[in-house]
Each structure stands twice: as C-alpha cells, then as structure tokens.
Amino acid sequence: MKIYNTLTKKKEEFVPIEDGKVRMYVCGPTVYNYIHIGNARPMIVFDTVRRYFEHKGYEVNYVSNFTDVDDKIIKKAIEEGTDTDTISKRYIAECKKDMAGMNIKPATKHPLATEEIQGMIDMISTLIEKGYAYNSNGTVYFRTRKFEGYGKLSKKNIDELEAGKRIAVEEQKEDPMDFVLWKPKKDGEPFWESPWSEGRPGWHIECSVMSKKYLGDSIDIHAGGEDLIFPHHENEIAQSEAANGVQFAKYWMHNAFLNIDNKKMSKSAGNFFTVRDISEKVDLMVLRFFMLSAHYRNPVNFSEELVDAAKNGLDRITTAVDTLTHMLKKDGRDEKLTDDEAKLLEEYKAITTRFDEAMDDDFNTADAITAIFDMVKFANSNADENSSVAFLDALKNQIIEYMDILGIKVEKEEEILDADIEKLIEERQNARKEKNFARADEIRDLLAEKGIVLLDTREGVRWKRN
Ligand SMILES: [Zn+2]
C-alpha cells in the first residue's frame, strides 16, 4: 500500500510502527457553529482511509479532537449571552449528528481540549525545562529557532518566513517566529491555573498532547486539511519532537481544498454551506459519494450540477443492487454456478481487482469508483432470468462490500408488506392477551422502526404508514 507523504513529498510504501496496527490522528473541528462542507471533506476522506485499513485487516486506533476553547467560541458565547461550555457542547452534539448522517464512524477517542489541560501544562513544562520554551510575563512561547527541523513539513525556510513578520508592540517574544503555548486570560474568558498565569493554552499544543496520550510518542499517520500544514502541523511537529525526542508522525496526509462554483468558500461571498444546509437538499450519502469521486489530493469543486451528477451516479449503483435483490427473490433458480457463470466471474474479478489497486495507490477513490461503475455495468449486462443464486450473490455482494469500504450504504431498506403488518399486529394482540407485554412492546418497536404507527381505536387496532 502506498501513501503520499507530505513530509517527503513522495508516495511511500506503508509500513506500520507496530505490525497489524494503525495509529492515526486527524485534527478535528473547532466547535462554534454547525460544521461546513469544507470540514466534511477531511472527515469523509480519512474515515474512508480508516475503513480501507480495516478492510485490509488492520486494527485502527483513530483519534480526532474537538477544539472546545478558542476565540471564536468565546465570541459566540458573548453574542448569545451564555458560556463557552454551552456553545461547544451544543455544536459537538450537532457535529456528531452530521457525522452520523455522512456515515462517519465515531473515532476510537474524541478528546476535548478542555479535558486535557493538565497534559498540556505538563508538556509545556517539559519544553521549558529542555530550553524549547520560555515564559514572558505569563505568556509561554515556543523558541522556534531552537528546533532544528522547523519548516520540514511545509518546506518553508525560517529566515524567509521571518522576513514577513514583525513583533507587535504588545508582544514580548524573543523572535518573531516564536509561537504561543500558553496565554494569560482576558476579562471574562475561561481560564485555568498554571505555573505561569491564569490562562489558556494556544491552539497547537492540544494536538501534540492528545496524540501522545492516546496514541503514543510516535504515530503512523497524522492527517488533516492542507490548510493545516502551516503553521499548525509544523508547530505540532516542533512541540512533539522537542518534548518527546522521537519522530512524531511517520506519514503526513493532507486533503486539498474544496471550492464552491470554482470560488473559495466564504461567508462574505455568500457561498458558505453547512452540512446541515446540504442535508436539506440531498441525502448525505450523495455528499459523501460526491467528495470521494475526486482524489483527496485534488481540489474538489462543489456545484449543484456536480452534486446532481453524483446523485445520478449513486442512483445507478443502488438501482443495480436493487435489481439483483429482486432477481434473487424469484423462486426456482439454480443454486449453483454454471461453468459459463464461473468464467464470467473470472472477468468480473478482473474488474474488482482494479478497486483494490486504486485504493492501494494512495487511496485513489476516484479510480476505485470507476471500477465500481464497471462492476455495475457488468452486472446489468450479465445477470438475467436464468442466472443462478450463487452468481447473483457474487455480483451483488462485491458491490456492497466495496461501497461499504467507501462508507456508502446502497441497499434499500426492505419494505414491509401489508400482510406481514397484519400478521404482526395479530401476534401483538395475542401477546397482550397472554400478558406477554415484553413481546407486545417488541413488536410495536419493530413496526415503528419500519415507519408503521399503531392506533388503538374502539374498533380495534388500526395502523398507518408514517
Ligand atoms: Zn491539530
């Protein structure tokens, strides 16, 4: 398996630190509002990376943080006349709803910055002891020039960077490139006690600390959007490697930008969409499919026409699966493969192999999806009235398995037939007569799941579809 590593600017063979295991950290959102579709891209991309590793038999320890203390959260809390905790809790809950809608697996651990303050104080203390950080009137800065590898991820030269910087009058830095690890509170801001001041951490330190705590000093993959390469990830490397004395992450993965109608998404330009906005127009499975239709290192352009095209593409796949399901329901089919079918499955396998090859090549979901479309075409032209159960199953299961690696559900919910509903209602009535209320409730819940509502009337039980 090959991964493009931002650190070396090359595709490299993936070799995990520990056999059979992947430790990966993905920078998560700052929770002061609903997540926007720019946030959704890394979530979808790296969830798919995780699913592919799992498909390959790896055990993946996946950590993704929520930044729940930040200037934007404080601003929002002031606007609403409430506290930061209320804001961050609300938007973490909303973010989790959107993630579920996009079928993103919960991380192994979603740490919160505010619950990891002690770890941050400990790492900052270590950095001060080792001479990599200094306290200047309650603000702690990282001494950037002391860390030799600074700039190795973003390929930036520290002197060139510095040419564009000036020290603001109120700052007390030794060098313009030094960045904040801890800052004193301002009036009305949330704060924590520390050896340097009552205050709060800078943004970068939380990821270094959470990654160390939940994954260890060295991890396999650190990932995020390419806008995080500098300064966030550069600073994380400096903090972690200075504090721990070992390589921080072996592979650095970054997804490219998302544009809207070929323009940068921004609130001021009026082309800003949250995942929630999109969910009101299309199924979030379509959004996921759309995002994966491009290679993660290519920019993706979001437009109504392109989303429509993605919807049509996904419909073609779900329809093919649906057709195979209906064919399988027909009685009287042969169970076993015929010789001709066995030969056809060899051809099919040659197409399916292309899916794995594409994913093995730096998670090329664009080519992997092309392979799925070819599988669908193959199924549509080779499955018919006379196909065996084994043949139809083989065609169908492979499409479902691959779509599942992409995190996209393609099987339609089975519709419940009127006759089955009547039968279940009768069984429920009997269960109640026998005072078997557990079973009666079970049936009511089962029906509710299928969208069937029961109405107890004087004439007996009636039902309707919701
Ligand atoms: Zn981060």
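The values are calculated or read from the model by the stated rules, or taken from the named source; none is laboratory data. Nothing here was measured: the structure is a model prediction, and the numbers come from that model. Cβ: placed from backbone, ideal geometry, glycine included. Neighbour counts: every protein chain shown. These area figures cover heavy atoms from the full protein model, side chains too; ligands, DNA and RNA do not enter into them. Shrake-Rupley method; radii C 1.70, N 1.55, O 1.52, S 1.80 Å.
For the range 245-254, a tally of residues being more than 13 Å from the ligand (Cβ to nearest atom) and open to solvent by 10 Å² or more (accessible area, probe 1.4 Å) returns 4. ALA242 meets each of the listed conditions (1) open to solvent by less than 10 Å² (accessible area, probe 1.4 Å); (2) in a strand (DSSP E or B); (3) away from the ligand (no atom under 13 Å from the Cβ) apart from (2).
If you filter the range 56-86 down to residues that are under 21 Å from TYR32 (Cβ atoms) and basic (Lys, Arg), you find that the one that is least open to solvent (accessible area, probe 1.4 Å) is LYS76. Does ILE237 satisfy the condition of being open to solvent by less than 10 Å² (accessible area, probe 1.4 Å), over 21 Å from VAL69 (Cβ atoms), within 12 Å of the ligand (Cβ to nearest atom) and β-branched (Val, Ile, Thr)? In short, yes. Mind checking whether some residue in the range 212-225 is within 19 Å of GLN247 (Cβ to Cβ), open to solvent by less than 10 Å² (accessible area, probe 1.4 Å), more than 10 Å from the ligand (Cβ to nearest atom) and charged (D, E, K, R)? Looking for residues that are within 19 Å of GLN247 (Cβ to Cβ), open to solvent by less than 10 Å² (accessible area, probe 1.4 Å), more than 10 Å from the ligand (Cβ to nearest atom) and charged (D, E, K, R), one finds at least one in the range 212-225, hence yes.
Looking across ASP393, ASP420, one residue alone is under 29 Å from ALA100 (Cα atoms), part of a helix (DSSP H, G or I) and of a type in the set (D, E, K, R). It is ASP393. Exactly one residue out of LYS75, LYS97, LYS105 is assigned to a loop (DSSP other than H, G, I, E, B), charged (D, E, K, R) and either farther than 20 Å from GLY225 by Cβ or within 11 Å of the chain's Cα centre (by Cα) (or both), and it is LYS105.
For the range 318-337, a residue qualifies if it is assigned to a helix (DSSP H, G or I) and not basic (Lys, Arg), and the qualifying residues are THR318, THR319, ALA320, VAL321, ASP322, THR323, LEU324, THR325, HIS326, MET327, LEU328. LYS267 versus (1) charged (D, E, K, R); (2) assigned to a loop (DSSP other than H, G, I, E, B); (3) under 19 Å from ASN65 (Cβ atoms): which is the lone unmet condition? Failing condition for LYS267: (3).
Applying the criterion of being part of a loop (DSSP other than H, G, I, E, B) and more than 16 Å from the ligand (Cβ to nearest atom) to the residues of the range 19-31, the residue that is least open to solvent (accessible area, probe 1.4 Å) is GLY20. Here the condition is being in contact (Cβ under 8 Å) with a residue 40 or more places away in the chain, within 30 Å of VAL31 (Cα to Cα) and open to solvent by 90 Å² or more (accessible area, probe 1.4 Å); of PHE272, PHE257, PHE302, it holds for PHE257 alone. Hey, any hits in the range 308-325 for a residue that's of a type in the set (Gly, Ala, Ser) and either over 30 Å from ALA40 (Cβ atoms) or open to solvent by 60 Å² or more (accessible area, probe 1.4 Å) (or both)? The answer is no; no qualifying residue exists.
The C-beta contact set for the range 43-55 (first residue farther than 13 Å from LYS21 by Cα, second residue assigned to a helix (DSSP H, G or I) and among the basic types (Lys, Arg), distance under 7 angstrom, 6+ apart or interchain) comprises ILE44/ARG288. Which one of GLY164, GLY199, GLY188 is away from the ligand (no atom under 16 Å from the Cβ), open to solvent by 60 Å² or more (accessible area, probe 1.4 Å), of a type outside the set (S, T, N, Q) and in contact (Cβ under 8 Å) with a residue 60 or more places away in the chain? Criteria check complete, one pass: GLY188.
Using the structure shown, decide if THR352 is of a type outside the set (Phe, Trp, Tyr), open to solvent by 40 Å² or more (accessible area, probe 1.4 Å) and in a helix (DSSP H, G or I). No: the conditions fail for THR352. Reported count of residues in the range 278-297, each being touching a residue at least 60 places away in the same chain (Cβ under 8 Å) and not aliphatic (A, V, I, L, M), is 7.
Among the residues of the range 40-85, those that are among the β-branched types (Val, Ile, Thr) and over 24 Å from GLU357 (Cα atoms) comprise VAL63, THR67, VAL69, ILE73, ILE74, ILE78, THR82, THR84.
Being within 15 Å of the ligand (Cβ to nearest atom), of a type outside the set (Asp, Glu) and within 19 Å of PHE363 (Cα to Cα) is the requirement here; does TYR58 meet it? It is false that TYR58 is within 15 Å of the ligand (Cβ to nearest atom), of a type outside the set (Asp, Glu) and within 19 Å of PHE363 (Cα to Cα).
Set side by side, the residues PHE53, PHE46 differ, and just one is in a helix (DSSP H, G or I), within 16 Å of the ligand (Cβ to nearest atom) and either among the polar types (S, T, N, Q) or crowded, with 19+ Cβ neighbours inside 10 Å (or both), which is PHE46.
A quick yes/no check of all residues on (1) of a type in the set (Asp, Glu); (2) crowded, with 19+ Cβ neighbours inside 10 Å:
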| position | (1), (2) |
| --- | --- |
| ASP360 | yes, no |
| ILE372 | no, yes |
| VAL389 | no, no |
| GLN398 | no, yes |
| MET403 | no, yes |
| ILE408 | no, yes |
| LYS412 | no, no |
| LEU417 | no, no |
| LEU455 | no, no |
